[in-house]
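Reviewing the structure listed below.
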Amino acid sequence: MKRAILLAVSISALLVAGGPAAAADAAKGIHVGNAGSFTGDAASPCMEIFHSAQLAVDEWNATGGIQGVQIEHIMGDDALDPAQGLNVAQRFVADERMYGVIGPPVSHIAQATLKTYGRAGLACITTAASKPELTESGFNHFFRVNARNDAHGYNCALFIQDTLQAKRVAVLNEKVAYCDNMATQTIKGLKALGVTDIFQDTIVAGAKDFYPVLTKVKNFNPDVLFFIATAAPDQAIGVRQARELGIKAIFLGSEGARDKKDFIEAAEGAAEGAYLYHFSPDIYAIDAAGGYVSAYEAKHGPLSGFGPAAYEAMNILLSAIDAAAADGDITRAEVVQHLHDIQGYSGILGIPITFDAKGDLEGGATYFFQVKGSEFVFQTVLTGK
Amino acid sequence: MDMFLEQLPQQLVNGITLGGVYALIAIGYSMVYGILSMLNFAHGEVYMIGGFTGWWVLHLLYRENALAMNAVAVIALMVVFAMAVSGILGVLIERVAYRPLRHAPRINLLLSALGVSIFLQNFVLTFQGAKVRSFPVAALVPESLRVIQLGPVVFSFMRVLVIVVCFCLMAGLSIMIKSTKLGKAMRATAQDVETAAFMGVDVDRIIMVVFFIGSALGGAASVLVGLLFTQVDYYAGFAAGLKGFTAAVLGGIGNLYGAMLGGFVLGLSEALAVTFFPAAYKDVVAFVILIAVLILRPWGLMGEKSPEKV
Amino acid sequence: MNTTALSRDSVRHRNLMWLIAGCVVLAAAPHVMPNAYWMRIFCISGVYVMLALGLNVVAGFAGLLDLAYVAFFGVGGYTFALLSSEQFGIHLPFLLVLPAAALVSMVCGFALGATSVRLKGDYLAIVTLAFAQIFKLLLLNLDRPVNITGGVNGIYNFDMIRIFGLKIFTPAAYAYLIWGAALLAIVGSVRIKSSRYGRGWQAIREDELAAAATGVNTAWMKLTAFAGGAMVAGAAGAIFASFQDSVFPNNFDFQQLVMVYCMVILGGMGNVPGVVAGAVLLTILPEFLREYGAYRMMSYGVILVMLMVLRPKGLLSSIPFLQKSRTRPDKETTGRLQASTDLYYRKQRREKSTSTYQKGDKPLLVLEGVSRRFGGITAISGLDLTLFEREILSVIGPNGAGKTTLFNLISGIIPPSQGRILLNGADITGHRPDQVVRAGVARTFQNLRLFNGMSVRDNTRVGRFCRTRSGPLSILFNLPRHRKEERETMERTREILHLFGARLTGYRFDQDAGSLSYANRRRVEIARAMATGAKILLLDEPAAGMNPQETDEITEFILTLRDRYGYTILLIEHKLGLVRTISDRVVVLDSGGKITEGHYRDVAKNPQVIEAYLGTRHQ
Amino acid sequence: MDEQPILELDGIDVFYGAIQVLYGIRITLNRGELVCLLGGNASGKSTTLKTILGSCRPKSGKIFLNGERIDTLPTKEIIRRGIAIVPENRRIFPRMSVGENLEMGAYLRKDRDRVRKDRQRILELFPRLAERIEQPGATLSGGEQQMLAMARALMSRPDVLLMDEPSMGLSPRLVDQQFDLIQAVNKQGTTIFMVEQNAGMALSIADRGYVLQTGSIVMADTAASLLCDPMMREAYLGGDAACGVVDP
């Protein structure tokens, strides 16, 4: 018995002590949280978000932190479970030195925790949650550096109808909030634009065999296949298997596909000519992002699409905290206010960032790329309307 | 209806080839169940780690530009390493997490297996990252071989390979279990551990061997499936495990032919479900079939009914 | 008698003290929480206590490996969500929605139980897992074409809970609501565990077939376990949904299920205080590890394996007051096992005389042309058999003659392929084992099938199951009817066990049946059969594995059963001494048919019997 | 006969956890003998057999087979050195054929030719088994299963054959048959150590007997003397057995 307890305790202790973010003395310090699903199904993009935000924090700390105080970046893992997301939220809210949070990146967890953060007035900057309702609830603490689904959806519909000249469209989406809502909004947009020959079905992420559903798509014989999945690997399989089956339609991928290694390389040629949309310009083409990209890739391997926004969001958050700290003390309300005050912040995303009254990214532009060789070549940018 | 009929031939092919994948995973499950009558929940993770091993081998060869080697040799090398690593891991798991529980209630064994599964999954997540690893298969198998068009039907070389390997394995294993001394010792141990020990069978060793073989099969399956779907990631074990073990149970767990049959039934039912329903319901159909089969034949399609001795 | 009555009072007293202490602590807790975060953890742990206690009913008490359990949590949550939000514009009051959620969940539990009642062990686990997966997929996909569940977006923004005008929206109010419900679950668990239901479930967990043969309606009891667990989960789900103010499919994931199982296992299956402690512990512990992502999950895995390997009965099973006492005075004081019989035991030499009692002429149990085939093999063919009132009839025959099959047919474990079985003139062909027991025929087993993890007293009390009626409600509210039945059960149990003298009473009363000597286990099995109130006992090799002296003793006891208590006895036995001594008649079976029947003297001379069974030395 | 004993247990103590179940057991078997170990339930009879086979480990004491110490060897090695067992309730492998069951008996033997010869010889001894060589064990009748268990044990050419409760659950005729068989095998030179509850029957064919009581040997004598011992008759022989005459 004693042996068991001892063992359990010592293992927990070991894990606590040896964990990646071993807690420093918390007596003094500025805390910023990172709420996300770092274990479970969505761990891959979330870890990229965490590492990128950590890079930003490290850079700030290296230059003396904020007012000479080091910043501590705290992971709050919800394991993709909204109830645990609330535990994280309450914990961050209860932490008196917590002045801002990056995330949650998953829409339904952002939804579940919205009120908790909102009531406490703790600023949250999400980098991926794009469900429109999140900024429509009357709270002013919630910001996003990514565009909303409804803007993207309409832009994609426009791209499909206008640029790609499609009459028949197949939409396949993964059954998670982001992708599902994206599909809904796009179809809404397509219908508004007069495209009515639409086939829609779902894929299961991680299933790796899309032959059955793609056979259905082939049978429908669309002009464009809009393939909406969170992660690049699933899209690589999608485009590859679509080509294997002999589907001739133009392949339009979603944000997550902007990943050279996991999409272009992984598809081994099948992705050639495929299109995809993204909320920001090509990260590799932006000079300002060079430092970040090389720092990240040196440490954690190739980037997919989720990291840059997190790096940017953390920098924005820290500069807001910095501004709030100018008068000697920081309050959460000040941080929120300073975030609203930001005008045309120019970081690594290549777009000036300004939040509107609701906290949404002003503009809501959608960038379209085409795969040529091993590069994503910028095609056009659509801003709705 | 025409629409359905048109895609039917392709969907049947899809179903059979997907079934081959499930069958391949199910065989490993069934092996272990046959001897210890336990659901090895960790099998999915062993499978996943086998896939990673295969990927590393390929990756290293790729980096050393050794891919000029014969593709068959490369695949063989991947399979061998994956089998070795998975096999050893299986033996290790048995030793640490199952052997001390051999006389404990079933539920304890089940939960211990679950614990192993959670640990391994997050172990890989920590040390390998959440990133999906892609297999550069184009360098191994030329495009012309990879995709074969036969009338209205498309299938790929790897899919055929999976099915062929599946049948070979099943034949080989059946012969091994039926006729070799080791196989007989395995059966004896499965039927009566204590008596088998009294015949001079080293029961611990036999169980170890079974775990090795079962896990190694998982590793081999993982490499083949990795080459087929071109990817492996730390979460692959869960999905594969769930389907593999559904297939094994459907066919009658502990029975190798059953595992194969179960795999094909599951694969076909999924493909046909996608044909007639929204794709999101394919798993619903698969599980409904499982439930229906078990309610009508609680011992699975080909499993042996073992009436309770009164 | 007096001392036990006293101790029962003191137990009740102690329980009440615990309850009051618990209430005080819980009432004070919300006011001493350091911040909203810990308040939330406090509330969530209450939800998990409920969840774990519900699972404890299914998996702990009844031993059913229900992997769909978390789906019932979801059913409760979504029922609340649909009846208390804008989703369909339905805004029912909480006091209506909570029971509705529990009820819907219970009905689902019933349905699940009904489909899988035939399945056991791993297969049950798999089918329920499949149900859980289907449930999750439906939650995810029932947003098209008609939006019911909200799909991946879930349902959110619920009505505020009002209980009699009292608004529940502060964390403290939730804490009271949640822990109030959890407290009800705890009290309910404790009560039901020590009731006929609790014992029935435990019997099923220990040995389903034996439970059925002891008069427990196993199918129904399994259903009630599923439904009961589901009901608690449903209620927990509704409260949880309101507390979270939203529901999403991810709330009801497989990981959640694993977590709840860990709580139950950690506390020790079936151990109510342990499970409560396990739930609280496992809610708090992970909070300290939340910053460590994958390391947290890794340590989970390791701890789970270590727990199973090192403390298979639960971490808390070694804390004394949570543990059932398992002392064996005879072992502990001397350090060595005492034999069940003493070598120099002076047995009462019984005069060699047949019973003065003559059997009655009234046929009690009649088999008419009963046959049973298994596949192509006929185990029993066209057997006619009559058992007269207060008769001792022995069935003998070579191995594989169909003797045990005969018992299985009479006791309803397998139905006959042909023929009729009449009890007191009433047709009982095809009745379930528990119905047969209630009609008045109880049995023992050749290979001993006791509920090994239960005490001698509880083993016997399970026998009373079929003679008691209290439903879950009268148990939960401890109504007079239930109290009266419990008292009667206890008295009858005591009476029966006292028939066996010191062998089954005294300290052995509370000893686990599994720790008794072989002969004593045989005795407990007979006691259990007697407790069912049956008038006909089927004894399958009652003297197997007993030495001559014990055999004499059991022989005598069987005679007493008839002579003094008027039992009618059908027995299978290989020990010819016993058969010869006590049988009024003997029936000889061979290959499923009757060779002959009659008095032992005559039967033993029958050449066919000698050829098939006795061999030449025994004529 | 100052020959060294074939099997010797020298002061064996066995514990299950903290509970001692065997106390200084001393048993010797000489070559060719048929010795029985009598005792009630839970007296430690099966534990004694398990200890000889190495599936229980003695805390103190030694076991010698042909003069070689075996109590530290794994089960497999003990069996290789010449011990075989007919387990309680026969325990044949139900889903293996009769032939395979026999093969399992010879599992450790490497001398294939002689195994084949032994198999021939044993099948001649049990013609019923030869007829059913392809049938799964579960389909055999009680008597045939009993033969198979015996034949399986003999396939390893044991020096010492252990028998655990050979009469348990058998009808009187089969019990007779069983004991005849045991006697026959013993006559052919196999040393037999038999654990049995049916004291009368066992002593009627045995050379010597030991009586085990709560883990200690309380009596050890020739079968004939045990049969006439008053205490023995009182406790184990049902009292009314005539001295020297068997009554089960």
Checking residue A:258 against (1) at positive phi; (2) more than 9 Å from chain B (Cβ to nearest Cβ): exactly one of these is not met. Which one?
(1)
Select from region A:89-112 the residues that are part of a helix (DSSP H, G or I), under 19 Å from the mean Cα position of the chain (by Cα) and over 13 Å from residue C:251 (Cβ atoms) and list them in ascending order.
A:89, A:107, A:110
Among the numbered conditions (1) assigned to a loop (DSSP other than H, G, I, E, B); (2) surrounded by 15 or more Cβ atoms within 10 Å (Cβ to Cβ), tell me where residue D:134 comes up short.
(2)
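Here's the yes/no breakdown for (1) touching a helix residue (DSSP H, G or I) at 6+ places or on another chain (Cβ under 8 Å); (2) of a type in the set (A, V, I, L, M, F, W, C); (3) modelled with pLDDT of 90 or more; (4) buried (at least 24 other Cβ atoms within 10 Å of the Cβ):
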{"site": "B:7", "(1), (2), (3), (4)": "yes, no, no, no"}
{"site": "B:14", "(1), (2), (3), (4)": "yes, no, yes, yes"}
{"site": "B:32", "(1), (2), (3), (4)": "yes, yes, no, yes"}
{"site": "B:42", "(1), (2), (3), (4)": "yes, yes, yes, yes"}
{"site": "B:61", "(1), (2), (3), (4)": "yes, yes, no, no"}
{"site": "B:70", "(1), (2), (3), (4)": "no, no, no, no"}
{"site": "B:90", "(1), (2), (3), (4)": "yes, no, yes, yes"}
{"site": "B:99", "(1), (2), (3), (4)": "yes, no, yes, no"}
Selection from region A:32-47 of residues open to solvent by 10 Å² or more (accessible area, probe 1.4 Å) and modelled with pLDDT of 90 or more yields A:47
Out of B:171, B:190, which single residue is open to solvent by 20 Å² or more (accessible area, probe 1.4 Å), out of contact with any helix residue (DSSP H, G or I) (no Cβ under 9 Å at 6 or more places or on another chain) and either part of a helix (DSSP H, G or I) or modelled with pLDDT under 85 (or both)?
B:171
Can you go through C:407, C:465 and tell me which one is assigned to a helix (DSSP H, G or I), of a type in the set (Phe, Trp, Tyr), touching a Lys or Arg at 6+ places or on another chain (Cβ under 9 Å) and in the same structural domain as residue C:567 (by TED's automatic domain parsing)?
C:407
Given the conditions (1) over 33 Å from the mean Cα position of the chain (by Cα); (2) hydrophobic (A, V, I, L, M, F, W, C); (3) open to solvent by 30 Å² or more (accessible area, probe 1.4 Å), and given that residue C:186 satisfies all but one, which numbered condition is not satisfied?
(1)
From the list B:258, B:254, pick out the single residue that is away from chain A (no Cβ under 14 Å) and in a helix (DSSP H, G or I).
B:258
Quick test for you: out of A:193, A:122, pick the one residue that is in contact with a helix residue (DSSP H, G or I) (Cβ under 6 Å, 6 or more places away or on another chain), open to solvent by less than 10 Å² (accessible area, probe 1.4 Å) and closer than 25 Å to residue A:363 by Cα.
A:122
For region D:169-239, which helices (runs of 4 or more DSSP H) that fit wholly inside it have 3 or more residues that are among the hydrophobic types (A, V, I, L, M, F, W, C) and farther than 24 Å from residue C:572 by Cβ?
D:172-187, D:223-228, D:230-235
Criterion first (open to solvent by less than 30 Å² (accessible area, probe 1.4 Å) and either facing another protein chain (nearest Cβ under 9 Å) or farther than 25 Å from residue B:171 by Cβ (or both)) does residue B:48 satisfy it?
yes
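Here is a yes/no grid of residues against (1) more than 20 Å from residue C:446 (Cβ to Cβ); (2) within 13 Å of another protein chain (Cβ to nearest Cβ):
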residue	(1), (2)
D:124	yes, no
D:127	yes, no
D:133	yes, no
D:143	no, yes
D:147	yes, yes
D:156	yes, yes
D:159	yes, no
D:168	no, yes
D:175	no, yes
Residue C:127 vs. criteria in contact (Cβ under 8 Å) with a residue 12 or more places away in the chain and farther than 17 Å from residue B:286 by Cα:
no
Of the residues B:75, B:88, B:25, only one is among the β-branched types (Val, Ile, Thr) and over 17 Å from the mean Cα position of the chain (by Cα); which?
B:75
Tell me, please, whether a residue that is among the β-branched types (Val, Ile, Thr), open to solvent by less than 30 Å² (accessible area, probe 1.4 Å) and more than 14 Å from chain C (Cβ to nearest Cβ) can be found in region A:84-91.
no
Pick out the one residue from C:293, C:270, C:237, C:215 that is open to solvent by less than 10 Å² (accessible area, probe 1.4 Å), in the same structural domain as residue C:53 (by TED's automatic domain parsing) and on the phi > 0 side of the Ramachandran plot.
C:215
Within region D:56-99, how many residues are out of contact with any Pro (no Cβ under 7 Å at 6 or more places or on another chain) and assigned to a strand (DSSP E or B)?
9
Test of understanding: among C:137, C:98, which residue is among the hydrophobic types (A, V, I, L, M, F, W, C), more than 28 Å from residue C:212 (Cα to Cα), open to solvent by 20 Å² or more (accessible area, probe 1.4 Å) and within 14 Å of chain B (Cβ to nearest Cβ)?
C:137
List, please: which pairs have Cβ atoms under 9 Å, are six or more places apart or on different chains, and start with a residue in region A:103-116 that is within 11 Å of chain C (Cβ to nearest Cβ) and under 19 Å from residue C:36 (Cβ atoms) and end with one that is among the hydroxyl-bearing types (Ser, Thr, Tyr) and surrounded by fewer than 24 Cβ atoms within 10 Å (Cβ to Cβ)?
A:114/A:137; A:115/A:137
Heads up, the helices (runs of 4 or more DSSP H) in region A:160-253 (entirely inside) with at least 1 residues that are at pLDDT below 90 and closer than 26 Å to residue C:152 by Cα are A:177-192, A:232-244
Report yes if residue A:373 is outside the structural domain of residue A:271 (by TED's automatic domain parsing) and farther than 22 Å from residue A:134 by Cβ, otherwise no.
no
So how many residues does region D:40-74 have that are of a type outside the set (Gly, Ala, Ser), more than 14 Å from chain C (Cβ to nearest Cβ) and open to solvent by 30 Å² or more (accessible area, probe 1.4 Å)?
10
Right, residue B:133: of a type in the set (Lys, Arg), open to solvent by 20 Å² or more (accessible area, probe 1.4 Å) and touching a residue at least 40 places away in the same chain (Cβ under 8 Å) or not?
yes
Which numbered condition residue B:215 fails, given (1) open to solvent by less than 10 Å² (accessible area, probe 1.4 Å); (2) over 15 Å from residue B:26 (Cα atoms); (3) among the hydroxyl-bearing types (Ser, Thr, Tyr)
(2)
Condition check for residue A:151: under 30 Å from residue A:332 (Cα atoms), aliphatic (A, V, I, L, M) and in a helix (DSSP H, G or I):
yes
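Okay, residues lined up against (1) open to solvent by 50 Å² or more (accessible area, probe 1.4 Å); (2) in contact with a His (Cβ under 9 Å, 6 or more places away or on another chain); (3) modelled with pLDDT of 85 or more:
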residue	(1), (2), (3)
B:110	no, no, no
B:125	no, no, yes
B:128	no, no, no
B:139	yes, no, no
B:151	yes, no, no
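The values are calculated or read from the model by the stated rules, or taken from the named source; none is laboratory data. Because the structure is predicted, anything quoted here is derived from the model rather than measured. Virtual Cβ from ideal backbone geometry, glycine too; neighbours counted across all protein chains shown. Side chains included, ligands, DNA and RNA excluded: accessible areas come from the protein's heavy atoms. Shrake-Rupley method; radii C 1.70, N 1.55, O 1.52, S 1.80 Å.
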